[in-house]
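Chemist: Got a structure here, written out as structure tokens. Questions coming.
The values are calculated or read from the model by the stated rules, or taken from the named source; none is laboratory data. Note that this is a predicted model, so its numbers are computed, not measured. Using ideal geometry, Cβ is built from the backbone for each residue, glycine included, and neighbour counts are taken over all protein chains shown.
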Amino acid sequence: MQAGLSKWSQLADGNRLLEFIDVSLRGCAQVMFQNNPLTGLLFFAAIFVGAFAEGNPAVAFGSVLGTVSATLTGRHLKDRTSWKAGLFGYNGCLVGVGLPTFLEVTPIVWLCIILGGVVSVIVTICIADILKTWKVAALTAPFVLVTWTMLLASYAFGGLTSNALPPPDLPHDLITHNHDLLDGINLFQATFHGISEVFLISTVVGSLLFLAGLAVSSIWAALFGLLGSLLAVLVAVVLQAEHSSINNGLYAFSAVLTAIALGSTFNKPRLRVLIYTVIGVIFTVFVQGALNTVLGPVGIPTLTMPFVLASWLFLVPNKDVMPSHRQ
């Protein structure tokens, strides 16, 4: 497999079209921190499987359009190394997934995806410049900020109509207390939906493709992603979160990214890192619940902001907690 990827890289380096395809695939893969075109291909396949299964193919095509527009924008920047690694494409990919998920698909939404992909690159550079003092990455914050802006704007513009945004509501008790914690909980479904919900889709088959994509690039990333999702589901169950949200993976998807980030991307896997990651994943579930409450009155989803906030908090002191293993 390594030989095949090496051959592909040589071909891509000698052809502009293949190079652009290669970088776009890496952009999709970078949603879960992988710099691997085969991972990106499997991720796109998973998105298409999930989007068509849920009857919303615009999500699949939006992911491609958002990735391409962001990658094309990044192509004109000076930082060729980051561009070739796909680091300017992944936020655009998520914008392309997010807008058709929550907004009625119209020609204006397709234009918003293109604009969002372009702006996500600018926001990435802005946030990276602000955070460089602490040597912390922008993560998916550009996707969240761009998508939040467009979703909130939909309340003001008749040309943008929401069809799946949560109804604005004042904070209230979100759960029905249940003495049998596992009653109505499907651990298998919840765990795998937590993985696919990173891309805002609930699909077991798609999750298996996502895990396969992670595994071809990094076995550790696949393991931490799966274990992070399972741990988040169990924590949400113990905290008696709303059961349908647990089963749909809505308390696990940010934790998946936190687990991969802390466990295998920015640290070398070992026991100390595992303990640190477990604490980070548990805290991510609390951040998820807090943001669910804070954003309820506004009527917009949390997206991956719980992952962003928790990871920033755990990565800034990371160099002091485990300086010899920081990657």
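Chemist: For segment 102-113, indicate whether the set of residues that are touching a Gly at 6+ places or on another chain (Cβ under 9 Å), buried (at least 24 other Cβ atoms within 10 Å of the Cβ), in contact (Cβ under 8 Å) with a residue 12 or more places away in the chain and closer than 17 Å to residue 153 by Cβ is non-empty.
Modeler: yes
Chemist: May I ask you to verify whether residue 137 is closer than 21 Å to residue 68 by Cα, among the small types (Gly, Ala, Ser) and in contact with a Phe, Trp or Tyr (Cβ under 9 Å, 6 or more places away or on another chain)?
Modeler: Considered against the rule, which asks whether it is closer than 21 Å to residue 68 by Cα, among the small types (Gly, Ala, Ser) and in contact with a Phe, Trp or Tyr (Cβ under 9 Å, 6 or more places away or on another chain), residue 137 comes out as no.
Chemist: Something else about it: Somewhere in segment 53-67, is a residue over 15 Å from residue 198 (Cβ atoms), out of contact with any Pro (no Cβ under 8 Å at 6 or more places or on another chain), in contact (Cβ under 8 Å) with a residue 60 or more places away in the chain and surrounded by 21 or more Cβ atoms within 10 Å (Cβ to Cβ)?
Modeler: no
Chemist: May I pose another question? Which residue, of 204, 237, is under 23 Å from residue 60 (Cβ atoms), out of contact with any strand residue (DSSP E or B) (no Cβ under 7 Å at 6 or more places or on another chain), surrounded by fewer than 22 Cβ atoms within 10 Å (Cβ to Cβ) and free of Cβ contacts under 8 Å to residues at least 60 places away in the same chain?
Modeler: 204
Chemist: Could you check, for segment 271-289, whether at least one of its residues is in contact (Cβ under 8 Å) with a residue 40 or more places away in the chain and assigned to a loop (DSSP other than H, G, I, E, B)?
Modeler: No, because not a single residue in segment 271-289 is in contact (Cβ under 8 Å) with a residue 40 or more places away in the chain and assigned to a loop (DSSP other than H, G, I, E, B).
Chemist: Just need a number here: residues in segment 140-164 that are within 14 Å of the chain's Cα centre (by Cα) and aromatic (Phe, Trp, Tyr).
Modeler: 1
Chemist: Please go through (1) at negative phi; (2) out of contact with any Asp or Glu (no Cβ under 9 Å at 6 or more places or on another chain) for residue 87 and return the number of the only condition it doesn't satisfy.
Modeler: (2)
Chemist: While we're on this one: So which residues in segment 264-290 are under 16 Å from the mean Cα position of the chain (by Cα) and not polar (S, T, N, Q), if there are any at all?
Modeler: Residues satisfying the conditions are 281, 285, 287.
Chemist: Evaluate the following for residue 20: is it surrounded by fewer than 17 Cβ atoms within 10 Å (Cβ to Cβ), in a helix (DSSP H, G or I) and modelled with pLDDT of 95 or more?
Modeler: yes
Chemist: Identify, please: which residue in segment 76-106 is assigned to a helix (DSSP H, G or I) and polar (S, T, N, Q) and is, among those, farthest from residue 21 (Cα to Cα)?
Modeler: Looking at the filtered set, the residue picked out is 101.
Chemist: State which residue is modelled with the lowest pLDDT when the search covers only segment 107-163 and only residues that are within 30 Å of residue 317 (Cα to Cα) and not in a helix (DSSP H, G or I).
Modeler: In this case the residue turns out to be 135.
Here's the yes/no breakdown for (1) buried (at least 24 other Cβ atoms within 10 Å of the Cβ); (2) closer than 24 Å to residue 317 by Cβ; (3) touching a His at 6+ places or on another chain (Cβ under 6 Å):
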residue	(1), (2), (3)
209	no, no, no
222	no, no, no
248	no, no, yes
251	yes, no, no
259	yes, yes, no
262	yes, yes, no
266	no, yes, no
274	no, yes, no
278	no, yes, no
